[in-house]
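First the structure, in the form of structure tokens, and then the observations on it.
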There are 2 protein chains.
Amino acid sequence: MPDFLTFLETRKQLIEDKLPSYIEELKAPSSLKSSMNYSLQAGGKRLRPVLLLAVLNAYGKDESIGVDAACAVEMIHTYSLIHDDLPCMDDDDLRRGKPTNHKVYGEALAVLAGDGLLTQSFALLAESGNRIPAEIKVRLISELVKASGAEGMAGGQVADMEGESAALTLEQLQYIHEHKTARLLQFSAVAGGILSDAPEADIKKLREFAFHIGIAFQIKDDLLDIEGIEEKIGKPVGSDSVNEKTTYPSLLAADGAREKLNEHIEKALNLLKSLNIDSFLLKGLCRLVAERDH
Amino acid sequence: MPDFLTFLETRKQLIEDKLPSYIEELKAPSSLKSSMNYSLQAGGKRLRPVLLLAVLNAYGKDESIGVDAACAVEMIHTYSLIHDDLPCMDDDDLRRGKPTNHKVYGEALAVLAGDGLLTQSFALLAESGNRIPAEIKVRLISELVKASGAEGMAGGQVADMEGESAALTLEQLQYIHEHKTARLLQFSAVAGGILSDAPEADIKKLREFAFHIGIAFQIKDDLLDIEGIEEKIGKPVGSDSVNEKTTYPSLLAADGAREKLNEHIEKALNLLKSLNIDSFLLKGLCRLVAERDH
């Protein structure tokens, strides 16, 4: 059994090698393919696809049956970053130190590259080989719509924009992060469970597990903004405060936010304990979310 | 058997009654739902969903099994209109005499409403009741991705934008219309055939049929721009020429464009003749595309 960081690195590499292949085979204008691939290859933690593969691994399944679904969720995540960065949304010029999609390709192509990635992700699920029964594919597609559409991530982005200049309550803040961040992680965990043929009771627990991971991830992001190291987090320390953003530390103070982070990690670990799986990798993921420095 | 215009009107009404119901049931921010519904309810010919139902009718099938798929293709069409109208794309303030989505809801919500409709359309196919086998749902989803994504409509929009200021050849013009317009009509015809359990040879012919209908539709659009009646077409006559757009009449002259229109309609009618179906309604559709005044 490899340790979690080795697992993370090898699976991240596997996903990054695979992602461009879906775009290269498309019969489409080269500018569009180039724009789609630019953002797909712009790095990132690849946490969502790696979580999906880690769940398959925890059930002792062949991870290769989950690669298409793992790439699908990463495509959705990537489309959301492209659209969120647009001038009419967050108007960001840089992401992970590289120019954002619309700075390189222009706004029109950035909108269409996002649309193209969003659309293509459903083909990855629908055409994911004949080892996966059609009933399972349909269920995964339905889960991905709920996670990413109006009821999920897109709805979370609307709530985030509408709450930008307002002082949010903890409940409102959690709504945003549950939808904007946790939902896609929940898709990953649930899809891993469904592809592992896990019992429905397990699927339910995996969904809760990823909810806690998602919220913990966001609290950690907020904490890094006030106590991280600029070179590691890739943006100025304290930018949330400058932008008057409501964050977990702004509502609960740093100590309160750390306590909340630990609570969510604790709940995630307890859910793992209650599952009859090899949870070594998923525990490593919990530690990573809580202890990362970027 | 009702005549074609009665069929068109009743099915258009059915689709327009059904579309908002998919949005109303979503647990999502009310502004997002309102923005999605605004464009869904902004009228239009509803040609794509009606074609799908007309194919089911031609095979003597229960049209109700196709309503979700019909609404899915209309959602995709609607998302594409919202994104195409954005300031960074065609920058249109009006569509069908009403303010465009971003003029009412702002650009950010317009982008997200488009994303939401695009995403939701796949749920309509995935969750389309248990009368449709999972294998069929997966096939429809795969067809809808091809029709609407980088290989289809989104690719056509890229080619359209890139060709805007250039003088296009007939081949380039056809690439744009094949992808931007014909592909979704082809989805409708093919989905109707698949849901009717039609033989693969029929599916192939239906795909060609809708290709000809799509190109004919676009040629007619170009002709209406030079010889239509302003009040009927809802925009100034001659606007393509003012915008220096390459059109069928600009390349072939009006007579040549009319000839080309008739050729495509002729081919569509011949394909219908070669199918063992009740093609009364589909013939009516061909006439409508060729003879419409708006």
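The values are calculated or read from the model by the stated rules, or taken from the named source; none is laboratory data. As the structure is a computational prediction, the values presented were derived from the model and not from experiment. With ideal geometry, Cβ positions are generated from the backbone for all residues, glycine too; neighbour counts draw on all protein chains shown.
Conditions (1) touching a strand residue (DSSP E or B) at 6+ places or on another chain (Cβ under 8 Å); (2) within 19 Å of A:Val104 (Cβ to Cβ); (3) crowded, with 21+ Cβ neighbours inside 10 Å, marked per residue:
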residue: A:Leu5; (1), (2), (3): no, no, no
residue: A:Gln13; (1), (2), (3): no, no, no
residue: A:Ser21; (1), (2), (3): no, no, no
residue: A:Ala28; (1), (2), (3): no, yes, yes
residue: A:Lys33; (1), (2), (3): no, yes, yes
residue: A:Ala42; (1), (2), (3): yes, yes, no
residue: A:Pro49; (1), (2), (3): no, no, yes
Answer yes or no as to whether A:Thr78 is polar (S, T, N, Q), touching a Leu at 6+ places or on another chain (Cβ under 6 Å) and away from chain B (no Cβ under 11 Å).
yes
With respect to A:Asn262, determine if the residue is surrounded by fewer than 20 Cβ atoms within 10 Å (Cβ to Cβ), modelled with pLDDT of 95 or more and not small (Gly, Ala, Ser).
yes
Test each condition in (1) more than 23 Å from B:Ala182 (Cβ to Cβ); (2) touching a helix residue (DSSP H, G or I) at 6+ places or on another chain (Cβ under 6 Å); (3) polar (S, T, N, Q); (4) more than 9 Å from every other protein chain (Cβ to nearest Cβ) for B:Ser64 and report the one that comes out false.
(2)
With acidic (Asp, Glu) and farther than 14 Å from A:His83 by Cβ as the only criterion, which of A:Glu107, A:Glu151 stands out?
A:Glu151
Can you confirm whether the range B:60-82 contains a residue that is among the aliphatic types (A, V, I, L, M), part of a loop (DSSP other than H, G, I, E, B) and surrounded by fewer than 24 Cβ atoms within 10 Å (Cβ to Cβ)?
no
Could you count how many residues in the range A:22-54 are more than 15 Å from the chain's Cα centre (by Cα) and either within 14 Å of chain B (Cβ to nearest Cβ) or closer than 18 Å to A:Leu144 by Cβ (or both)?
17
Selection within the range A:26-46 - modelled with pLDDT of 95 or more and over 30 Å from B:Gly163 (Cβ atoms):
A:Arg46
Number of the condition not met by A:Glu151 [criteria: (1) in a helix (DSSP H, G or I); (2) within 9 Å of chain B (Cβ to nearest Cβ)]
(1)
Residues of the range A:28-58 satisfying the condition of being more than 21 Å from A:Glu143 (Cα to Cα) and assigned to a helix (DSSP H, G or I):
A:Ser30, A:Ser31, A:Leu32, A:Lys33, A:Ser34, A:Ser35, A:Met36, A:Asn37, A:Tyr38, A:Ser39, A:Leu40
Confirm whether A:Asp90 is under 10 Å from B:Gly149 (Cα atoms), in contact with a helix residue (DSSP H, G or I) (Cβ under 9 Å, 6 or more places away or on another chain) and of a type in the set (D, E, K, R).
no
(1) in contact (Cβ under 8 Å) with a residue 12 or more places away in the chain; (2) of a type outside the set (D, E, K, R); (3) loosely packed, with under 13 Cβ neighbours inside 10 Å all hold for A:Val242 apart from (1)
Qualifying residues in the range A:174-192 (those that are touching a Lys or Arg at 6+ places or on another chain (Cβ under 8 Å) and in contact (Cβ under 8 Å) with a residue 60 or more places away in the chain) - the one nearest to A:Arg258 (Cα to Cα)
A:Leu185
Those residues of the range B:99-120 that are of a type outside the set (A, V, I, L, M), within 7 Å of another protein chain (Cβ to nearest Cβ) and buried (at least 24 other Cβ atoms within 10 Å of the Cβ) come to a total of 4
For the range A:125-148, which residues satisfy the criterion of being under 17 Å from A:Leu185 (Cβ atoms) and either facing chain B (nearest Cβ under 7 Å) or of a type in the set (Val, Ile, Thr) (or both)?
A:Val145, A:Ser148
Consider A:Asp85 against the criteria (1) within 14 Å of chain B (Cβ to nearest Cβ); (2) within 23 Å of A:Ile136 (Cβ to Cβ): it satisfies all of them except one. Which criterion is unmet?
(2)
The condition from (1) of a type in the set (S, T, N, Q); (2) touching a Phe, Trp or Tyr at 6+ places or on another chain (Cβ under 9 Å); (3) within 14 Å of B:Asp68 (Cβ to Cβ) that B:Ser128 misses is numbered (2)
Filtered residue count, the range A:186-221, keeping only those that are buried (at least 17 other Cβ atoms within 10 Å of the Cβ) and either within 12 Å of A:Val55 (Cβ to Cβ) or more than 16 Å from the chain's Cα centre (by Cα) (or both)
20
Considering only the range B:209-254, state which residues are more than 30 Å from B:Ala58 (Cβ to Cβ), part of a helix (DSSP H, G or I) and in contact with a helix residue (DSSP H, G or I) (Cβ under 9 Å, 6 or more places away or on another chain).
B:Asp225, B:Ile226, B:Glu227, B:Ser239, B:Asp240, B:Ser241, B:Pro249, B:Ser250, B:Leu251, B:Leu252, B:Ala254
Only one of these is part of a helix (DSSP H, G or I) and touching a Phe, Trp or Tyr at 6+ places or on another chain (Cβ under 7 Å): A:Val138, A:Val104. Name it.
A:Val104
For residues that are more than 14 Å from every other protein chain (Cβ to nearest Cβ) and more than 20 Å from A:Glu244 (Cα to Cα), scanning just the range A:155-185, find the one that is surrounded by the most Cβ atoms within 10 Å (Cβ to Cβ).
A:Leu185
Criterion (among the basic types (Lys, Arg) and within 20 Å of the chain's Cα centre (by Cα)) met by exactly one of A:Arg139, A:Arg131
A:Arg139
